[in-house]
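*Asks:* The structure under discussion is supplied below as structure tokens; questions concerning it will follow.
The values are calculated or read from the model by the stated rules, or taken from the named source; none is laboratory data. Treat the numbers as computed from the prediction; the structure is a model and nothing was measured. No Cβ is skipped: glycine too gets one built from the backbone with ideal geometry, and neighbour counts run over all protein chains shown. Surface areas here come from the heavy atoms of the whole protein model, side chains and all, with no ligands, DNA or RNA. Shrake-Rupley method; radii C 1.70, N 1.55, O 1.52, S 1.80 Å.
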Amino acid sequence: MTRALILAAGQGTRLQPLTNNKPKALVDLLGISLLDRQVSVLNAANVTDIEVVAGYQAAKIQNLGFNCTVNQNYASCNMVASLFCALSFIKKPGDLIISYGDIVYEISNLKQVIENDAPISIMVDKGWREYWQIRFSDPLTDAESLILNKDNTISQLGKKTQSYSDIQGQYTGLIKVRSDKIEEFISFYQQLDRNKMYDGQDFKNMYMTSFLQLLIDNNWQADAVCVDHGWLEVDSVSDLELYENLAKDNKLNYYCKLN
């Protein structure tokens, strides 16, 4: 059985004023909220045990009937801390999908992640540069490193770089942890030094890519589930405007087919 945990605690300041009175995950993309879009795709892939980590304006997610864990400290922590707020859900049986709340993805991509049998499976967009070029005048201002080994496992991710040679794909925010590794996954996090800095961030503000890199550096096998488009990130108002304009011109399906 596969379960899903959607990390949706943040406000999304780059989406203001749309997030002045609701969480980022409830912002609409072509008339349907990001959260509803994710849940619909997960359900279509027979993933029905879904938990949402809410924080900012959490009641607005809870009132829609979603199962929620509330991160009361959402304003002073980052994604990894939000993830482990849902410890009781993480401990449940079954493979665990972890997804950022500000992405959407096609069911075919999700199924590839579900079907991959590595201890950690991470969706990686090999067509990232073409996608980033329609979002940013200089893709390197936003893109991060992702270096693959010959066996398609990930050796490095999440570093700032000024070289395209360091970017063999782009991390997308969709992860799966295999069921038999869940206990060790939790233990690894709990044993980390709370007083250490991680890529310039204190423990509670650690980036997800920093945590994944720590696992990789400690000999965890992290497979790159390579896709070519088939997902979208909604990080700013300009992203939404771009997708709406592409949809009007019947060009959005090239990047991601929305249900």
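*Asks:* Give me the one-decimal Kirkwood hydrodynamic radius in Å for segment 76-230, with the sum taken over alpha-carbon pairs.
*Replies:* 16.1 Å
*Asks:* Mind ordering 28-37, 98-107 by average Cβ neighbours within 10 Å, highest first?
*Replies:* 98-107, 28-37
*Asks:* What order do you get for 239-246, 196-203 when each peptide is scored by the mean count of other beta carbon atoms within 10 Å, highest first?
*Replies:* Top of the packing list down: 239-246, 196-203.
*Asks:* Can you pull the one-decimal nm distance between simple spin-label points at residue 46 and residue 14, each 7 Å off the Cα toward Cβ?
*Replies:* So the label points at residue 46 and residue 14 sit 3.7 nm apart.
*Asks:* Then there's this: Of the accessible area of the chain, with the probe set at 1.4 angstrom, what percent is carbon plus sulfur?
*Replies:* With neighbouring chains kept in place, the figure for the chain is 43 percent.
*Asks:* Follow-up. What size of dipole, in debye to the nearest 20, comes out for the chain about its Cα centre when the only charges are +1 on Lys and Arg C-beta atoms and -1 on Asp and Glu C-beta atoms?
*Replies:* So the magnitude is around 440 debye.
*Asks:* Let me ask something additional. Using Stokes-Einstein with the Kirkwood hydrodynamic radius over Cα pairs, what translational diffusion coefficient do you get for segment 1-155 at 25 °C and a viscosity of 0.890 mPa s, in µm²/s rounded to a whole number?
*Replies:* Reported coefficient: 146 µm²/s.
*Asks:* Over the chain, what is the mean sequence separation of C-alpha contacts under 8 Å (at least six apart), divided by residue count, expressed as relative contact order in percent?
*Replies:* 24 percent
*Asks:* Ignoring ligands, DNA and RNA, what accessible area per residue does the chain give at 1.4 Å, in Å²?
*Replies:* Value returned for the chain: 45 Å² of accessible area per residue.
*Asks:* Also, quick follow-up: Taking every pair of distinct Cα atoms and averaging 1/r, then inverting, what Kirkwood hydrodynamic radius in Å comes out for segment 34-106?
*Replies:* Hydrodynamic radius (Kirkwood, Cα pairs) of segment 34-106 is 13.0 Å.
*Asks:* What translational diffusion coefficient, in µm²/s and rounded to a whole number, does the Stokes-Einstein relation yield for segment 77-140 at 25 °C and a viscosity of 0.890 mPa s, taking the hydrodynamic radius as the Kirkwood radius over Cα pairs?
*Replies:* The diffusion coefficient I find is 170 µm²/s.
*Asks:* In terms of Cα to Cα distance under 25 Å, which lysines are near enough to residue 176, apart from those fewer than 8 places away along the same chain?
*Replies:* Partners within reach: 24, 91, 92, 111, 126, 150, 159, 160, 204, 257.
*Asks:* Quickly rank 57-63, 161-167 as a protection proxy: mean count of other C-beta atoms within 10 Å, highest first.
*Replies:* In decreasing order of mean packing, 57-63, 161-167 become 57-63, 161-167.
*Asks:* Any idea which of 109, 146, 90 is furthest toward the positive side of the dipole for segment 46-150, if Lys and Arg beta-carbons carry +1 and Asp and Glu beta-carbons -1?
*Replies:* 90
*Asks:* How big is the charge dipole of segment 33-115 about its Cα centre, in debye rounded to the nearest 20, if each Lys and Arg gets +1 on its Cβ and each Asp and Glu gets -1 on its Cβ?
*Replies:* Using Cβ point charges on Lys, Arg, Asp and Glu, segment 33-115 gives about 180 debye.
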